[in-house]
Structure formats: C-alpha cells, structure tokens
Amino acid sequence: MTATATAIPAAAPGAEAQTQQQRPSQQPGLKIDIQLSRAGFQLAICTDIPFEGVTAIFGRSGCGKTSLLRAIAGLEPAVQGQISFAGQQWLDGKQQYPVQQRRIGLVSQHDTLLPHLTVQQNLLFGYERVPAALRRLQPAELYQRLDLTLLLDRKVQQLSGGQKQRVALGRALLAQPQLLLLDEPFSALDKQGRQEILPYLQQLLLDIKIPVLFVSHQLEDVVQLADQLLLLTDGNITAQGPLANLLHQEVDLQHEALSLLYGRLQQHGSTAAGYCQILLGDTLVLLPVQAGHQGRQDLCRLKIRARDVSVSLQPLQQSSIQLQLSARVSHWRAASQPTELLLFLTLNDGQQLTAQISSLAFSQLALQQGSALYANIKAAALS
Amino acid sequence: MNLLQLSPADWQALWLTLKLCAVTTLLLLLIATPLAWWLAFGKQKRHSLVEAVVTLPLVLPPTVLGFYLLLLFSPQQGIGLWLSSLGLPPLLFSFEGLVLGSVIYSLPFAVQPLKQCFRTVGKQPLETAALLGAGRFDRFVHVLLPLTRPGFIAAASLTFAHTLGEFGMIMMIGGSIAGETKVLSVLIYDHTEAMNYGAAHQLSLLIVLMSMVLLFGLNRWQQERR
C-alpha cells in the first residue's frame, strides 16, 4: 500500500477497519508491478491492492484503465513484470499463467456474449467448466436475482443493452471467479439501462465475498459502488486510498464535487413510513428508503453532491432541510464556476463533506479555517 | 448427343479427379487454418512476406508454378533427391506429387476466406471463453469453429472447385498417366487432340455442371445466413 493510503485514518467505520487490520494475511491481495509499452503510451503500475470492499480504478479515457485490467486478466501478451493474486503468481517476467486457470470474471463495456449460443448457454458456459466442488453460486438462484428467468431461451441478438450486460455479469459470476473485474460495464448504456443493472450489481457485490476491481470514468458510479480508489493518470497511479478521503484531496476529482459518508442503519426504534434511521457520527437522521435497497446489515453509504449542501452558522429552525450536521471548516478551493467555492468540511466523527457555496456567502459568513458551522444537506442518495 | 455415356477411362479419370479434389481440400483445411490465423492477426513485415507467397499461386501462370515444382520434385536435386534417398517413391508423375502441387496451387483459395472470417470474428470471443475457463482445444471446438463455419465452408468449396479446374500445372508435373495423374481436364485435352469431340464435350459439360452446383450451393447458403 502506498504512503498516501496508510497515512489516512480509515473513513469506513472503525470496527470494520480494525478487524481487517488484525488479520491482514486473510485478505486476498493483488500485487502488481508491471510495465506495458505501446506506440505513444506507457503503462507503469506498481501497487498492492488489499481488497477492502470494492476498489475503483478511476481516470480519464486513455489513461490505461482498460489496459491494466487486461494485463491482470492475462490478455495483454506484451506486458512485463510481476502480478500475483492471493499467493498465485500470474505474471513472472514475460511468463503468463494461463488465462483459463486464473478464474477471473470480466464484465466489459463491449458486448461479449457469444453470438452462437442462447442466453442460457452463455450463462452456463463458465459454470460447466468449473469443478463441481467450486460451484457455490447456483444458476437458479442467480437467474432469479438478476431477473433473467424469462430471457433464458432467447438468442443474444434479441436482448437490449442492459439485458446483455446483466447476462454478461451473470455469466461471469456463475464461473465462480476468485476476482471480479468490471470494465466500465455501464458505459455503453443510457440512463435507463444503467438504472436497470446498477441495483442488481450493488446488491450482488454486497453478497458475494470476492474482491472486485471496478473501472470507470464516471465519478458518480464510482461513488455509488466503491470504497477504495486508485487514481490513474497517463499510465501511472497518482493516488490510492479510501474513496471518501480522496474525494476531498484530489483536485482531479472535484469538478463533479461529490462526498461519500458512511452511516449505520438503525433497525430498532420507531420509523416513519418509508424512512429509515441512520446514525451519522453522533447524529440520528431520517432518510427515505430506496426501493430494493437492503444494505450491508447496518452499514450504509450516502452519496452527497456538493451543490446539495449549504452551510449556516446556526442550526436552521423550521426548515424543510431534514439533514443537518455540525461540522468545521477544513479548507476551501475555487469551484468550476468563478463565483462559487468548494468548502471542505470535517464532521464531528472525522468524516469529510464538501459544500458548494457562493463566494459572496463565504465572505458574508466570515468563514475561516476551523470555523464551526452546520452543514444543511438537501438531498442524499442512500446506496 | 447422349449424355453420360462414359467409357471406363472416363470413369477412371472422374474418380481420380474427385479423389484429388477431396484429398487436396482436406489437407488444405488442415494447413490453411493455422496459417490463416497467423496471417489474420500478424502485423509484422514477415506476415506481409508470407501473405505475398501465399497469394502468388493466384497470379502466376500455372506453367510457371508447374515448372518450379518440376525442378523441385526432380529426383536429381532438392526434395526429390531427399525423398529418393529415403527410399520413398518419386513425386514427379505420381498422384502424391499432384496432391502436393494442388495444395500449393489452391492455397490462396483456402487461406483468404478463412483469414477474412477470423478477422471478422476477432479474438474477443476466444478471450471471453478463456476467461470462462475454456482451454485451447475447448475454445477451438466450441467457440472458433462454430463462429467461423461460413469461412470453412467457403474455403472448402472454393478449394474443391479450383482444384477441379486445374490443368496447366498438372500437365507440367503429372503428365497423363491413366489412373495416376490423368484427371478430367487432362483427359478432355487428350480427347480433343484425338478429335474425339463428343467425349470431350461430355466431360467438359460434367465439369461445368459440378462447378456450377458447388458455387451455386455455396452462394445460396451464404445468402440464407444473411
């Protein structure tokens, strides 16, 4: 792990982070030290991915995200260096461990369904090639979870883009992979197609206990799915660590200005219909329950846009804003619009939140580093 | 004119021709598959060089090809000398020699359709299959073959039809030995030389019909798949 990552206090709730530290050898880590040269492009990656939750690889188009995933999968013959996964040596110099023995699930942005097979034959292609002893996820269960039962006898040419991606995801999972690689699985889909696959994916990622590497150039998707982030620029890693922290530190990520907060879902206690209670630091808040969301027992994630956050020096009385958290000003930076500022706040429990406010308001409130204030969150997406 | 009043010699030539076409097609599919795969995805200079050599039989006069094969097969030098030193029968004026000649002569007709088809299908389905745990042979049988069947059928039909129409090269290296190298096209020449126009016409029509059926069948099949 790089210095950036270890120096940062874990943003995920303390209990979970601690259990992971106590048994680091149990984590199936991915060690990578590779070089790949192509005309006008150089990929040089040296990192250790410990797999605490979902790790996102984020970067602009052409920064080498897909090449990195293909190298890990063993599909780049020109790659050199070392790759090992959970003690298995996948790349040693130029020596490649056979792709078919790595047990990797790859869902790509392209349509990779085998066109001469039906939907069901596609889904079972990997499953049939896995030794019976390794078959933990059963087809019937998966068909139901991914809502594929009615599609099984279709030809793959008859499927919509979203359906194709669901089949590709199901096929990868039925091959019982020990590592799941998602290469922009939604990039070819429109908003509706995205909404069709995201809930399934999110729920599945919570349930299957395998490490996931998720490549994207959409920060919003990353914030919805990932806990750890690896930032890639021009073929090199420029930052790595917990996503919630990097959202505040990396200038590159801030043109979309999002925050990620972790909270605890309170199952007990009375709850108004359609709302759930979430403990954020020491504050209990009510949030609307999203359809289909079940959550990882008590842990939940809140995705908050900076422009949905305003600040006040006093708690707002008689306001429509339901979510108010006390915080302190950490630092600020100019936003993409010249009259706006990004204000970085630290909550009582150490989590970080970004607010987008006008520079006029900033000077009127006479804000300074360390000023105590209230963050008023207009909307938070529970994921 | 009475159709299909073939003499025993005609039947013998017809059988020999079909045997030559079948053996050549089978051998060429075996040779052309790995070659076409290598050419389909190769980007180096050596790929262009091999590509040119493979295409050469398409543009050379059959006599030129035949002449060099004649030199090559001659028992005094090269392959011919090596074979006779091993105690093997000579390739010149033999069926085996004809097969070898036909394989070279029809090579582009097997390689080109396969190469195009491999390029269209691309590597991605094979990568997908490998990630799903399929080994080399498994991928070939269960992914590549079903996806490239049109290419294989086109390659087989064209090779067969082209070998059927061989003449110049056979005259150079095979001569006209009944039952060994006297194929239909050579027999037609012999009949014509002997002013036996009726017999020549019968066999010529037979070749036209066989080629027509083969090419029509291929085209129709490709049409239906579109």
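The values are calculated or read from the model by the stated rules, or taken from the named source; none is laboratory data. Predicted, not measured: the structure shown is a model, and the values here were computed from it. Please note: Cβ atoms are built from the backbone with ideal geometry, for glycine as well, and neighbour counts cover all protein chains shown.
Going through the stretch A:145-183 one residue at a time, which ones are over 23 Å from A:Ile72 (Cβ atoms) and part of a strand (DSSP E or B)? Within the stretch A:145-183, just A:Lys155 meets the criteria.
Can you tell me how many residues in the stretch B:190-226 are polar (S, T, N, Q) and touching a helix residue (DSSP H, G or I) at 6+ places or on another chain (Cβ under 6 Å)?
Restricting attention to the stretch B:190-226, the residues satisfying the condition of being polar (S, T, N, Q) are B:192, B:196, B:202, B:204, B:211, B:219, B:222-223.
Then keep just the ones that are touching a helix residue (DSSP H, G or I) at 6+ places or on another chain (Cβ under 6 Å); that gives B:192, B:204, B:211.
Summing the residues that are polar (S, T, N, Q) and touching a helix residue (DSSP H, G or I) at 6+ places or on another chain (Cβ under 6 Å) in the stretch B:190-226 gives 3.
Looking only at the stretch B:165-184, residues that are touching a residue at least 60 places away in the same chain (Cβ under 8 Å) and either among the aromatic types (Phe, Trp, Tyr) or surrounded by fewer than 21 Cβ atoms within 10 Å (Cβ to Cβ) (or both) come to 9 in all.
Only one residue in A:Val130, A:Val99, A:Val107 is out of contact with any Gly (no Cβ under 7 Å at 6 or more places or on another chain) and of a type in the set (A, V, I, L, M, F, W, C), so which one is that?
Just a single option satisfies the conditions, and that option is A:Val107.
Filtering the stretch B:126-148 down to residues that are outside any helix (DSSP H, G or I) and of a type in the set (A, V, I, L, M, F, W, C), which residue is nearest to the other protein chains (Cβ to nearest Cβ)?
Checking each candidate, the answer is B:Leu132.
Let's see how each residue does on (1) within 21 Å of the chain's Cα centre (by Cα); (2) among the acidic types (Asp, Glu); (3) surrounded by fewer than 18 Cβ atoms within 10 Å (Cβ to Cβ); (4) more than 22 Å from A:Gln218 (Cβ to Cβ):
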position: A:Tyr127; (1), (2), (3), (4): no, no, no, yes
position: A:Ala132; (1), (2), (3), (4): no, no, yes, yes
position: A:Gln163; (1), (2), (3), (4): no, no, no, no
position: A:Gly170; (1), (2), (3), (4): yes, no, no, yes
position: A:Gln178; (1), (2), (3), (4): yes, no, yes, yes
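For the stretch A:113-125, the condition of being closer than 22 Å to A:Lys209 by Cβ and at the interface with chain B (Cβ under 9 Å from one of its Cβ atoms) holds for none of the residues. May I ask you to say which residue of A:Gln144, A:Gln157 is under 17 Å from A:Pro199 (Cβ atoms) and away from chain B (no Cβ under 12 Å)? On inspection, the qualifying residue turns out to be A:Gln144.
Can you list the helices (runs of 4 or more DSSP H) found entirely within the stretch A:2-86 that contain at least 2 residues being at pLDDT below 90 and out of contact with any Asp or Glu (no Cβ under 8 Å at 6 or more places or on another chain)?
Counting at least 2 such residues, we get A:3-7, A:14-22.
The set of residues from the stretch A:317-339 being assigned to a loop (DSSP other than H, G, I, E, B) and modelled with pLDDT of 85 or more comprises just one member, A:Thr339. Checked against (1) at pLDDT 65 or above; (2) on the phi > 0 side of the Ramachandran plot; (3) loosely packed, with under 13 Cβ neighbours inside 10 Å, A:Ala273 passes all but a single condition, namely (2). Of all residues in the stretch A:218-263, exactly one satisfies the criterion of being outside any loop (DSSP other than H, G, I, E, B), among the acidic types (Asp, Glu) and over 16 Å from the mean Cα position of the chain (by Cα), namely A:Asp252. Between A:Gln202, A:Gln100, A:Gln121, the distinction of being assigned to a helix (DSSP H, G or I) and farther than 30 Å from A:Gly29 by Cα belongs to A:Gln121 only.
Among the residues making up the stretch B:114-125, those that are within 11 Å of chain A (Cβ to nearest Cβ) and either polar (S, T, N, Q) or under 26 Å from the mean Cα position of the chain (by Cα) (or both) are B:Val121, B:Gly122, B:Gln124.
Determine whether A:Pro98 is exposed (fewer than 13 other Cβ atoms within 10 Å of the Cβ), within 11 Å of chain B (Cβ to nearest Cβ) and farther than 28 Å from A:Glu52 by Cβ. Yes: the conditions hold for A:Pro98.
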